[in-house]
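Accompanying notes for the structure given below.
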Amino acid sequence: MLLKLENVRKSYGTFELDCSIEVKKGQVTGLVGSNGAGKSTTFKSILGLIFPESGNIEMFGKKLSDITPADKENLGVVLTEANMCELLRAKDVAPILKGMYKKFSTDEFYQRCKNYGIPLDKPIKEFSTGMKAKLKVIIAMSHDAKLLILDEPTAGLDVIMRNELLDMLREYMEDEERGILISSHIATDLEGLCDDIYMISKGKIVIHEDTDVLLSEYGLLKVTKEQYETIDKQYIISEKEERFGYLCLTNQKDFYQENYPNVAIEKGSIDDLIIMMTKGGKR
Amino acid sequence: MKGLFIKDLKLVATQKKFIFLAIVLSVFITLTGDDPTFTVTYIVLLLSMLTLNTISYDEMNGGMLFLLSLPVDRKMYVKEKYMFCFMNLVVAALASLLFSLGFIAFKNSEIEFTTVASSIAGVTLGMALMFGVTIPLVFKFGMEKGRIAMIVCILGIIGCGVGGYKVIADVLNIDISSFIVELLSKLPKPGEGLEIVVVLAMLLAMMLVLGISYIVSLRIMKKKEL
């Protein structure tokens, strides 16, 4: 186990995070949710940047409070809000990282910067949003980390760069000892990358499924009011009133396909899941 | 720790043009006169402020979040910042001393080396005190609010000093000035080891101030949520 969160609680006014997550070796785990659902609070708790009121966090089999800077060399991090001081240039960043990570390779870092069009001589403050995002990912992946914690790494990247980044992550995962915890607003990024997905809403984990299961067994039922009254609702996990009747999220698509051939059923996607679990009424 | 040092040096280096111009200008002003005191105090002040600025650069744009996600913990960050400050003060003081020695030799100045040296000692110690007060405040309140808090704090220290003096002198009826004169008369004379005593006392005072300040800063940083 690379990372384990058990009932981690943290409250800010009326918001309360209560979260349990696991990231296993060889797995890419996704964390999805709408804005303000608690993704960043979860990431900050994992990194010890905020202090949860209760619960346990273990990383590399050690309690978070026992994690030393040396252990953190096995960690690569991208946080939306975190940035390297923007007065520095990429060529200043290299010796800083070299001084921090035993496994940092300056040549590889420069090569990646070159491949992804990062200028070495320009202060970071003059970078475009995309360049800044790319540099953050390059930094996180520059030192052979065992665990990547990536909060919205694709934010600000165009579709080509997003695909390149996802390829980079797939290549990174060729080593079975590694793992990734990733969040993204762009659900399609996660659908093609993650082995399992946690969905967080209002600070609570509401769904945890393997991505294959999510995509093959979850579905959206579009039913009229009359149909809604008659269908069996035991596999409906969330519903939302629409003009035509109801939109219902199910985790047993096949059950409804077999028993209600007249009901319109769509294949579920992570975006639908986020919308239904955030906006819809849960059953 | 090494990485943090490199980062701070790189951050100071981003101001290299400004540092160069400021030093050239102050040296030029000094060379037209006969007293190097201005330049030497200026060098110490300048380097000290640059050191302090590295904290505000660290805090810019979520920089602290970034640094603490690297192999750095809060203790290491605080320790490095104090070591960097101390190191910069020592470098600035030594550079100032060398400059004044060169100046006196080059200009055949009549000014006593000890006079300049005591100015350097004064400003270096003053800056150490300033760091001691400011760094914990900046960690607690951030750079902008930290500056205001620093002014309040310094006024408070002066107030306590004056008040304390009054209490000791008037209430307890102890003559502090004659006590200090007596204490000073026990010190060795200039040329007989006074310089060594002063340098040692200064280093000790600096370490004491920065040491206490470090403990306070560490407590603040360990509780700070980012």
Within segment A:45-76, of all residues that are at the interface with another protein chain (Cβ under 7 Å from one of its Cβ atoms) and buried (at least 20 other Cβ atoms within 10 Å of the Cβ), the one nearest to residue A:142 (Cα to Cα) is A:72
Filter segment A:153-166 down to the residues that are in contact (Cβ under 8 Å) with a residue 60 or more places away in the chain and surrounded by fewer than 22 Cβ atoms within 10 Å (Cβ to Cβ) and list them by number.
A:155
Would you mind telling me which numbered condition in (1) under 22 Å from the mean Cα position of the chain (by Cα); (2) within 14 Å of chain A (Cβ to nearest Cβ); (3) open to solvent by less than 40 Å² (accessible area, probe 1.4 Å) residue B:62 fails?
(1)
Could you check, for segment B:68-79, whether at least one of its residues is out of contact with any Leu (no Cβ under 8 Å at 6 or more places or on another chain), aliphatic (A, V, I, L, M) and either more than 8 Å from chain A (Cβ to nearest Cβ) or farther than 26 Å from residue A:146 by Cβ (or both)?
no
Is at least one residue of segment A:123-133 over 27 Å from residue A:42 (Cα atoms), open to solvent by less than 10 Å² (accessible area, probe 1.4 Å) and more than 10 Å from chain B (Cβ to nearest Cβ)?
no
Filtering segment A:77-103 down to residues that are open to solvent by less than 40 Å² (accessible area, probe 1.4 Å) and more than 9 Å from chain B (Cβ to nearest Cβ), which residue is farthest from residue A:172 (Cα to Cα)?
A:90
Against the conditions (1) over 30 Å from residue A:65 (Cα atoms); (2) more than 16 Å from the chain's Cα centre (by Cα), where does residue B:91 fall short? Just the number, please.
(2)
Residue that is touching a helix residue (DSSP H, G or I) at 6+ places or on another chain (Cβ under 7 Å) and part of a loop (DSSP other than H, G, I, E, B), where the choices are A:145, A:155:
A:155
So, of the residues in segment B:2-34 that are farther than 28 Å from residue A:122 by Cβ and in contact with a helix residue (DSSP H, G or I) (Cβ under 8 Å, 6 or more places away or on another chain), which turns out to be farthest from the other protein chains (Cβ to nearest Cβ)?
B:34
Of the residues that sit in segment A:1-18 and are touching an Asp or Glu at 6+ places or on another chain (Cβ under 9 Å) and crowded, with 21+ Cβ neighbours inside 10 Å, which one is farthest from residue A:146 (Cα to Cα)?
A:10
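The values are calculated or read from the model by the stated rules, or taken from the named source; none is laboratory data. Note that this is a predicted model, so its numbers are computed, not measured. Quick reminder, even Gly has a Cβ in these numbers, built from the backbone with ideal geometry, and neighbours come from all protein chains shown. In case anyone asks, the SASA skips ligands and DNA or RNA and just uses the protein heavy atoms, side chains included. Shrake-Rupley method; radii C 1.70, N 1.55, O 1.52, S 1.80 Å.
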